[in-house]
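The values are calculated or read from the model by the stated rules, or taken from the named source; none is laboratory data. Note that the structure is predicted; figures quoted are calculated from it, not measured. Glycine gets a Cβ as well: all are built from the backbone with ideal geometry, and neighbour counts include every protein chain shown.
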Amino acid sequence: MIKEHLTNFAFQQPKRVFLLMLVAVIVFGAMMPKIIIDTDPENMLPSDQEDRLFHEEVKHKFGINDLIVVGMVNDGPQGIYNTHSLGVLHKLSNEILKIEGIVPQDVLSLATVDNISQDGPGTIRFQWMMNQPPTSDAAAGEIRSAVENLPFLNNTIVSPDGIATAIYIPILHKDQSYRIVAEVEEIIDSLDSDDRFYITGLPVAEDTFGVEMFMQMATSAPVAGLLVFLLMWYFFRS
C-alpha cells in the first residue's frame, strides 16, 4: 500500500520529487568535506586490539619507525664502488636528510654510517664511512674493504657483490610516505647518474595505493557515470 502511494506520488508530482532529490543531494554533498579517508590497513583492527597494542609497544620500546628504502644499482665491473656512483650516493643521502617528515639521525647509507675499526690494542676507532665522496679508485676501494669487514653493513647496506646499495629512510608518519617518495624521486631526477634507482617499503605500498586509487577514481567515476547516462538515454530516449 505504501509502495503504491509512493509510486503514484512520484508520477503525479514529478517536480516535487526532483526538488526533494536536489535538496537531499545538497545536504549530503555539504557533508563531504567532513569525510575522513583512511587507507591504513592497521586501522582495520580496533585501536585496543591486543596484537596491535603489542606491535606499537615493541616499535616504541626499540625506537622502530616505518621505513622507505631507496636502492641504487650499478652493473659495472666495480659496482657502486666507483667515484661517480659514490659521489651520487653521497649527494642523494645529504639531500634526503633535508626532507621534512623523516628521522634524519636514523637514516642509514654509506654516507651516514660509521666505519668501526681497531686503533691499537684495546682501542676501537669510529669514523665516518664516507664523510666526503672519494676522489680516486683507490679511495673507493678502501670504502669497499671497510664495508666487507663489517658484517652489519655487508649484505645489509651493500650487496655482497658490491653491485647494489641501499638508503634506509625512517619516517615519522607513514601517511606522509607518498609525499616523501615524490621528493626523493625529484632529487634522483636532478642527479647526473647512469645508476638505476628503486624505491620500496611497506608504507610506500600502503600510501601509494590509497592516493593512486582515489586519483583513478576521480577519472573513472565520472566516465562511468557518463557511460551509464548515455546508455540510459539510448535505451529510453523514446
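Here PRO151 passes the criteria (1) in a loop (DSSP other than H, G, I, E, B); (2) surrounded by 13 or more Cβ atoms within 10 Å (Cβ to Cβ); (3) not small (Gly, Ala, Ser) except the one numbered (2). Restricting GLY122, GLY76 to those that are part of a loop (DSSP other than H, G, I, E, B), more than 23 Å from the chain's Cα centre (by Cα) and closer than 18 Å to TYR198 by Cα reduces the list to GLY76. Exactly one residue out of SER220, SER190, SER177 is in contact with a Pro (Cβ under 6 Å, 6 or more places away or on another chain) and either at pLDDT 85 or above or not hydrophobic (A, V, I, L, M, F, W, C) (or both): that is SER177.
Here the condition is being in contact (Cβ under 8 Å) with a residue 60 or more places away in the chain, of a type in the set (Gly, Ala, Ser) and closer than 19 Å to PHE197 by Cα; of SER109, SER85, it holds for SER85 alone. Residues that are exposed (fewer than 13 other Cβ atoms within 10 Å of the Cβ) and not in a strand (DSSP E or B) were ranked within the stretch 193-213; the one that is modelled with the highest pLDDT is ASP194. Set side by side, the residues LEU67, LEU110, LEU53 differ, and just one is closer than 21 Å to GLU206 by Cβ, buried (at least 19 other Cβ atoms within 10 Å of the Cβ) and not β-branched (Val, Ile, Thr), which is LEU67. The residue that is surrounded by the most Cβ atoms within 10 Å (Cβ to Cβ), among those in the stretch 86-102 that are within 14 Å of ALA182 (Cβ to Cβ) and among the charged types (D, E, K, R), is GLU95.
Residues in the stretch 39-53 that are assigned to a loop (DSSP other than H, G, I, E, B) and modelled with pLDDT of 85 or more: 3 in all.
Of the listed requirements (1) among the polar types (S, T, N, Q); (2) over 27 Å from GLU212 (Cα atoms); (3) in contact (Cβ under 8 Å) with a residue 24 or more places away in the chain, THR39 misses just one: (2). Taking VAL223 as the residue in question, decide whether it is closer than 18 Å to THR112 by Cβ, out of contact with any Asp or Glu (no Cβ under 6 Å at 6 or more places or on another chain) and assigned to a helix (DSSP H, G or I). When the stated conditions are applied, VAL223 does not pass them. The single condition among (1) among the hydrophobic types (A, V, I, L, M, F, W, C); (2) within 30 Å of ALA205 (Cβ to Cβ); (3) not in a loop (DSSP other than H, G, I, E, B) that PHE28 does not meet is (2). In the stretch 168-180, is there at least one residue being touching a strand residue (DSSP E or B) at 6+ places or on another chain (Cβ under 8 Å) and farther than 30 Å from PRO41 by Cβ? No, the stretch 168-180 has no match at all. The residues of the stretch 125-141 that are surrounded by 14 or more Cβ atoms within 10 Å (Cβ to Cβ) and either assigned to a helix (DSSP H, G or I) or free of Cβ contacts under 8 Å to residues at least 24 places away in the same chain (or both), listed by number, are ALA139, ALA140, GLY141. Among residues that are more than 30 Å from GLN105 (Cβ to Cβ) and under 17 Å from the mean Cα position of the chain (by Cα), MET232 is not included.
Can you say whether ILE64 is under 30 Å from PRO160 (Cβ atoms), of a type in the set (Val, Ile, Thr) and at pLDDT below 90, as far as the supplied structure shows? Judged against the criteria, ILE64 is a match.
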